[in-house]
Amino acid sequence: MKQVKDYMASPVYVMERIEPIQRARNLMFKYDLGRIPVMDKGKLVGIVTKYDISNRLSQAAPEWRRRPIDLIPIHLVMTENPVTIYPEATLAQAAELMDENEVSGIPVEKDGQMVGMVSSRDLLKFFSEQQDFKAKVGDLMSEGIISVHRHNTVTHVIDEMNLQGVGRAVVYEDNRTPVGIITRSGLTFSKMMGPSDELEAKEIKMTRKESPAGRKQYRYIKMVPLVAEDIMTSPISTVGIDTRAVEAAKGMVERHIAGMPVTRDGDMVGYFSTSEVTKEIARWR
């Protein structure tokens, strides 16, 4: 079994606990990061993910939210005392830790110093190389998937995900045709949150005609909340239920995606993602 040090990312971008949330947002957006370790005088004290920030800033405003985002320290939204792993641990041990703690990335430490980060995407790459593994997507897929309407607000989508304990939602049109998908990693706060930490809104230009034959003129501009279709990924990439899981994983690695809906005879019947791959690798201990 390969070791964590063979697949981990190193070096890793880090932050000090007193640095502002805005810096985390900028780093994540600029370098396409899903998580950032938080340090205090050289010691790992926490970790923050982009979903942590978007999820917590979309909740009812706590007292500290009265400050501008560039003044809010990251330690107010980070997860404290994150689980860690050592470089010589096996990838199966890393997968087990991720699965048990419901996280998608773990800091790697050696002799009290952080030396890297291993994530579920690293596990996906490892899994995609296991040509002797014959299981099909249908053997590993999760059936935990919810549906939302394309005009449901982003807040509603987040609430539904949290309520059902799932990490993705299929977006449907009025006729129940799937038109997109939203995942936790896709809830990118840099697009969702405004400069004052509120959920971003969009402008809708309302129009009227001066006469039955007249041309349309702008009447007024209305601000409305972002909805599912504003942040969904479309078109949807899917995978057949009888596809070999390793081949599906290869496709995900090549396309830099973390999951795909599973179809059978044109109907969505489940979801195959890094989460399912992590659970499988955890069984290989």
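Values as computed for the structure displayed
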quantity	calculated
Selection status of Val269, touching a helix residue (DSSP H, G or I) at 6+ places or on another chain (Cβ under 7 Å) and either modelled with pLDDT of 95 or more or not in a helix (DSSP H, G or I) (or both)	no
Residues within region 158-178 that are of a type in the set (Val, Ile, Thr) and at pLDDT 90 or above, tallied	2
Residue in region 67-81 that is modelled with pLDDT under 95, in the same structural domain as Arg23 (by TED's automatic domain parsing) and basic (Lys, Arg) present	yes
Residue in region 95-118 that is modelled with the highest pLDDT, counting only those that are closer than 17 Å to Tyr51 by Cα and loosely packed, with under 13 Cβ neighbours inside 10 Å	Asn101
Inter-residue pairs, beta-carbon under 9 Å, first under 24 Å from Gln93 (Cβ atoms) and without any contact (Cβ under 8 Å) to a residue 24 or more places away in the chain and in region 71-83, second of a type outside the set (S, T, N, Q) and in a loop (DSSP other than H, G, I, E, B), 6+ apart	Val83/Val103
Matching residues in region 10-48 - criterion: being part of a strand (DSSP E or B), in contact (Cβ under 8 Å) with a residue 40 or more places away in the chain and under 18 Å from the mean Cα position of the chain (by Cα)	Arg35, Pro37, Ile47
Hits in region 126-141 - residues which are assigned to a helix (DSSP H, G or I) and surrounded by fewer than 16 Cβ atoms within 10 Å (Cβ to Cβ)	Asp139
Per-region count, region 269-285, residues surrounded by fewer than 19 Cβ atoms within 10 Å (Cβ to Cβ) and farther than 24 Å from Thr90 by Cβ	1
Long-range neighbours under 7 Å by Cβ, at least six apart or interchain, first residue assigned to a loop (DSSP other than H, G, I, E, B) within region 142-157, second basic (Lys, Arg)	Ile145/Arg168
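The values are calculated or read from the model by the stated rules, or taken from the named source; none is laboratory data. Predicted model, so just to flag it, every value in this text is computed and none were measured. Cβ sites come from the backbone with ideal geometry, for glycine too, and all protein chains shown count toward neighbours.
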